[in-house]
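Below is one structure, written out as C-alpha cells; comments come after it.
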Amino acid sequence: MTTCIDNEERLHLALRASFDGDHHTAILHLKELLKDEPEHAEALYLLAIQHAELGLFDREQNRGHSCDATQLRSQMMDVEMDASVTFDERT
C-alpha cells in the first residue's frame, strides 16, 4: 500500500516537526514539498527558519531566493496560527 501525502499535509508535518524541535524532519518534509512547488512561500520561509535553528544561516542565500521577508513573515504567522489551532483541536 502506497501512502500519498499532498503538499498541504507536508507543510503541516513540517510545522509539527518544527514545533517539536525536530528540525531535520521538518527540513525533509519541506524539501519534498519544494520539489513539487519550488516557489512555495511558506515552505521557503520555514526552511530558512529550520536552517537558522541549525546554525546554517547562509543556506537560503545560496539557493538564490529573493522574497519579501515582511510578507513571508506575515504569511508564516498565518500558517503557524492555523497549524496551532489544528493541533489544539486534536488534543
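The values are calculated or read from the model by the stated rules, or taken from the named source; none is laboratory data. Computed from a predicted model, the values in this text were never measured in an experiment. Here Cβ is always computed from backbone atoms with ideal geometry, including for glycine, and neighbour counts include all displayed protein chains.
Which residue is surrounded by the most Cβ atoms within 10 Å (Cβ to Cβ), if the candidates are limited to segment 32-55 and must be acidic (D, E) and either out of contact with any helix residue (DSSP H, G or I) (no Cβ under 9 Å at 6 or more places or on another chain) or not in a helix (DSSP H, G or I) (or both)?
That would be E37.
For residues in segment 1-31 being surrounded by fewer than 16 Cβ atoms within 10 Å (Cβ to Cβ), charged (D, E, K, R) and more than 19 Å from A52 (Cα to Cα), which is farthest from the chain's Cα centre (by Cα)?
That would be D6.
Enumerate the pairs (first residue in segment 11-37 and in contact (Cβ under 8 Å) with a residue 60 or more places away in the chain; second residue anywhere and surrounded by fewer than 17 Cβ atoms within 10 Å (Cβ to Cβ) and of a type in the set (D, E, K, R)) with beta-carbon separation below 8 Å, excluding pairs fewer than 6 apart on the same chain, so at least 6 apart or on different chains.
These pairs meet every condition: L15/E80.
Suppose the filter is at negative phi and modelled with pLDDT of 90 or more; does N7 pass it?
yes
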